[in-house]
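As structure tokens, the structure follows; a few thoughts come after it.
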Amino acid sequence: MPPWGAALALLLAALALLGLLAPRLRRAVGARTLPGARGQDHEKEADGRGAAAPFSDGREPLPGGCRLLCKPSALAQCLLSALRRSTALEPRPRSWLSGPHLQTLCHFVLPVGPGPELAREYLQLADDGLVALDWVVGPCPRGRRVTNAGGLPAVLLVIPNAWGRLTRNVLGLCLLALERGYYPVIFHRRGHHGCPLVSPRLQPFGDPSDLKEAVTYIRFRHPAAPLFAVSEGSGSALLLSYLGECGSSSYVTGAACISPVLRCREWFEAGLPWPYERGFLLHQKVALSRYASALQDTVDTHRLFRSRSLREFEETLFCHTKSFPISWDTYWDHNDPLRDVDEAAVPVLCISSADDPVCGPPDHFLPTELFHNNPYFFLLLSHHGGHCGFLRQEPLPAWSHEVILEYFRALTEFFRTEERMKGLSRHRASFLGGRRRWGTLQKREASPSSNLDEIFSWKRSYTSKPYAQHGA
């Protein structure tokens, strides 16, 4: 764990021990409402009588007090059946880990442990910038299962949170996916988690251009393997932007978002409870401090590192640039993850908790109309879990990880059954009304013999030897 991480862990632990964290966060969560919305009592949200109430009427109940919000369809019925059979959702006795803040802090603050073995690749992009791909290559478990009938392991693309923090849950998901027969790969943005910032350009909150090139490269390396994607927390903005912009041309078979931030502009403007706001802000300042001299020609670094909120930091970094300043409104016109959501043609499962202290009450920050009207989007809402927590007693993995992998398996079986029963060709319309949806059924099939320069905008990639992941 880096020194700043240890300091942050000590700060948050001290706040919890002094008894200041819980009451302040309860007041902060209750006060964070959108204009015209009424605050809800935190305890009512946790036990399902408050914020979760709008989701409960007429929704399909699931084990463990969870509910699935979606538009009725054949796929929704298939997913509902799979979730009802899931052992991950079975009711569990409450423990000391049940509190939302403990769930969240254990996720973000505790050291990640030995973790998996990773092999890193650096991809040079069209503008000469670099992003990193960490391929999970070990430890190889015995009796590893295969995820599809063809024998090729499905690729699981994992997108961490927007701050670049590689958490213990992300690594836990990768280890579980490797055990279940997937080939996990972690995407790192420019300047994140040891990826060099070779040009004074960072990736805006919802700009999927770098991710597009990375996905195309992954597709070139594994042309016959299904591709699934999972995002964590604020990283969901990047994944949803990609799915919306690419539409039916996306190479992704299915996607999942853990504790997604969907109304991002309102989220920035409302602010987070102060311990989380200061913690995430400190993380970003420390991460970018090493590039201060490289960024000073494009942004006001003095103002940037004196920012007192996540909104001020984001606005200074991407709006108040020296070369091309833009307004806050214009920035979100181009970075709102739901700006092209109607074009998304890939099933997306969002897993959220009613007691999420970072995103806030679900009736304020979850666009329920999206799940009511769009047949590709599903919301699994639980009473407890915190933000990206969903923890169980060790050594069991987070139950959200189990549910996501079961969801991907249900998707694979559903699409295979649909094609077998209806006799659909690889390029015909999907079951939901005329848009292609399976990542392996693309307009453009990349083959290993294809001309690399015709497919990719970058010229080369850089590969490092496998190394063991010991901390974020």
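Name the residue that is modelled with the highest pLDDT, counting only residues in region 257-275 that are closer than 15 Å to residue 370 by Cα and open to solvent by less than 10 Å² (accessible area, probe 1.4 Å). Write out each step before concluding.
Here is the first cut: in region 257-275, the ones closer than 15 Å to residue 370 by Cα are 257, 260-264.
Now drop any that are not open to solvent by less than 10 Å² (accessible area, probe 1.4 Å), which leaves 257, 260-262, 264.
Numbers: 257: 97, 260: 94, 261: 93, 262: 93, 264: 93.
Looking at the filtered set, the residue picked out is 257.
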> Got at least one residue in region 325-337 being out of contact with any strand residue (DSSP E or B) (no Cβ under 8 Å at 6 or more places or on another chain), within 26 Å of residue 79 (Cα to Cα) and either crowded, with 21+ Cβ neighbours inside 10 Å or at pLDDT below 95 (or both)?
Replying inline: yes
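Confirm whether residue 340 is in contact (Cβ under 8 Å) with a residue 40 or more places away in the chain and open to solvent by 10 Å² or more (accessible area, probe 1.4 Å). Step through it out loud before you land on a result.
Numbers: in contact (Cβ under 8 Å) with a residue 40 or more places away in the chain: yes; open to solvent by 10 Å² or more (accessible area, probe 1.4 Å): yes.
Yes.
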> Within region 205-225, how many residues are open to solvent by 20 Å² or more (accessible area, probe 1.4 Å) and under 19 Å from residue 267 (Cβ atoms)?
Replying inline: 1
> Is region 226-247 home to any residue that is closer than 30 Å to residue 152 by Cβ, open to solvent by 20 Å² or more (accessible area, probe 1.4 Å) and either in contact (Cβ under 8 Å) with a residue 40 or more places away in the chain or of a type outside the set (S, T, N, Q) (or both)?
Replying inline: yes
> Restricted to region 359-381, and to residues that are crowded, with 23+ Cβ neighbours inside 10 Å and not aromatic (Phe, Trp, Tyr), which residue is modelled with the lowest pLDDT?
Replying inline: 362
> With respect to residue 89, is the statement that it is of a type in the set (A, V, I, L, M), under 14 Å from residue 353 (Cβ atoms) and modelled with pLDDT of 90 or more true?
Replying inline: no
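Are any residues in region 63-75 modelled with pLDDT of 80 or more and under 19 Å from residue 409 (Cβ atoms), and if so, which ones? Break it down into steps so the answer makes sense when it comes.
Looking only at region 63-75, we keep the residues that are modelled with pLDDT of 80 or more, and these are 66-75.
Selection gives 66, 68, 70, 73, 74, 75.
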> What is the one condition in (1) open to solvent by 10 Å² or more (accessible area, probe 1.4 Å); (2) modelled with pLDDT of 90 or more; (3) of a type in the set (A, V, I, L, M, F, W, C) that residue 106 does not satisfy?
Replying inline: (2)
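Within region 382-398, take every residue that is of a type in the set (A, V, I, L, M, F, W, C) and open to solvent by less than 10 Å² (accessible area, probe 1.4 Å) and give me the one that is farthest from residue 87 (Cα to Cα).
Ranking the qualifying residues of region 382-398, first place goes to 388.
Is it the case that residue 270 is among the aliphatic types (A, V, I, L, M) and out of contact with any His (no Cβ under 9 Å at 6 or more places or on another chain)?
no
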> So which residues in region 149-201 are surrounded by fewer than 21 Cβ atoms within 10 Å (Cβ to Cβ) and in contact with a Ser or Thr (Cβ under 6 Å, 6 or more places away or on another chain), if there are any at all?
Replying inline: 181, 200
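Hey, among the residues in region 301-324 that are in a loop (DSSP other than H, G, I, E, B) and of a type outside the set (Lys, Arg), which one's most open to solvent (accessible area, probe 1.4 Å)? Give the steps one after another, and end with the answer.
Within region 301-324, the first condition is being in a loop (DSSP other than H, G, I, E, B), and the residues that meet it are 306-309, 319-324.
This time we only want the ones that are of a type outside the set (Lys, Arg), so: 307, 309, 319-321, 323-324.
Numbers: 307: 3, 309: 35, 319: 0, 320: 66, 321: 27, 323: 102, 324: 149 Å².
Once the filter is applied, the top-ranked residue is 324.
The values are calculated or read from the model by the stated rules, or taken from the named source; none is laboratory data. Quick caveat, the model's predicted, so the values are computed rather than measured. Please note: Cβ atoms are built from the backbone with ideal geometry, for glycine as well, and neighbour counts cover all protein chains shown. Remember, those area values only see protein heavy atoms, side chains included, never the ligands or the DNA or RNA. Shrake-Rupley method; radii C 1.70, N 1.55, O 1.52, S 1.80 Å.
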